[in-house]
1. Against the globular-protein guess of 2.2 N^0.38 Å, express the Cα radius of gyration of the chain as a ratio, rounded to two decimals.
2. Go ahead and run the numbers for FRET between Arg119 and Lys40, Cβ-Cβ distance against an R0 of 22 Å, rounding to 0.05.
3. Any lysines with Cα under 24 Å of the Lys65 Cα? List them, leaving off those in the same chain fewer than 8 positions away.
4. Quick one: what are the phi-derived ³J(HN,Hα) couplings along the stretch 117-128, Karplus 6.51/-1.76/1.60 with θ = phi - 60°, whole Hz, x for glycine and proline?
5. What lysines could a cross-link reach from Lys47, if we take a straight Cα to Cα line under 17 Å and drop same-chain neighbours fewer than 8 places away?
6. How large is the helix-only mean residue ellipticity at 222 nm for the chain, computed as the sum of -39500 (n - 2.57) over DSSP H runs with n ≥ 4, divided by its residue count, in deg cm²/dmol to the nearest 500?
7. Per-residue counts of other Cβ atoms within 10 Å, averaged by peptide: what ranking do you get for 38-49, 105-116, highest first?
8. Report, to the nearest whole %, how much of the accessible area of the stretch 58-150 belongs to carbon and sulfur atoms, 1.4 Å probe, protein only.
Amino acid sequence: MEITPFIRKANYYETDQMGIIHHSNYIRWFEEARIDYMEKMGYGYEKANEAGIDFALLGLCCEYKSMVRFGDTVRIIARVIHFTPSRMTVGYRVLDEKTGELRTTGESRHCYFDNRKRRPVSLKKALPELYAKFDLLKITPEEFWNGEIG
């Protein structure tokens with residue numbers, strides 16, 4: 001199954017005084033790309049939430065390589081690069097749509113959280129269908145960061 005990148009045009013309201021996308025917006029873009037990825041893999045956030053499962057954020061990092069400016073279009077590649085029955089790490093690569101230049105990289109770490117019981121759970125037990133999809137689409141961090149995926 002090939003999953004296409006998330007395409008995002010930079011808006012004026014997302015810029016700072018220098019006309020560059022403010023750093024806080026990349027975190028929002030990561031979330032948009034992660035939601036898009038899950039929808040394209042056939043098991044969106046809404047479906048998981050209906051089943052009572054959420055993805056609690058444990059940590060986040062972002063490294064800026066080059067600037068994105070108002071009007072630029074970027075391609076955001078989001079992939080689950082590590083997962084266990086209780087946690088996952090999503091990697092992000094933000095590339096300029098025209099040139100392919102790497103603009104930003106990042107990762108978010110999550111645990112699977114049962115909204116009804118208010119505690120972390122095993123995704124393998126709680127949503128085996130979603131766990132199987134992650135397993136089917138698994139890649140190594142090396143494949144992702146070396147640009148072999150996307």
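The values are calculated or read from the model by the stated rules, or taken from the named source; none is laboratory data. Computed from a predicted structure; not experimentally measured. As a convention, Cβ positions derive from the backbone with ideal geometry for all residues, glycine included, and neighbour counts pool all protein chains shown. For accessibility, only protein heavy atoms count, side chains too; no ligands or nucleic acids. Shrake-Rupley method; radii C 1.70, N 1.55, O 1.52, S 1.80 Å.
1. 1.07
2. Numbers: r = 29 Å, r/R0 = 1.33.
Computed FRET efficiency for Arg119 and Lys40 comes out at 0.15.
3. Reachable lysines: Lys9, Lys98.
4. Computed from phi, the couplings for the stretch 117-128 are 8, 6, 7, x, 9, 7, 5, 4, 8, 6, 9, x Hz.
5. Lys124, Lys125, Lys133
6. On the way: 5 runs with 41 residues, N = 150.
Dividing the helical sum by the residues of the chain leaves -7500 deg cm²/dmol.
7. On the way: 38-49: 15.8, 105-116: 17.9.
My ranking of the peptides, most packed first, is 105-116, 38-49.
8. Carbon with sulfur: 51 percent of the solvent-accessible area.
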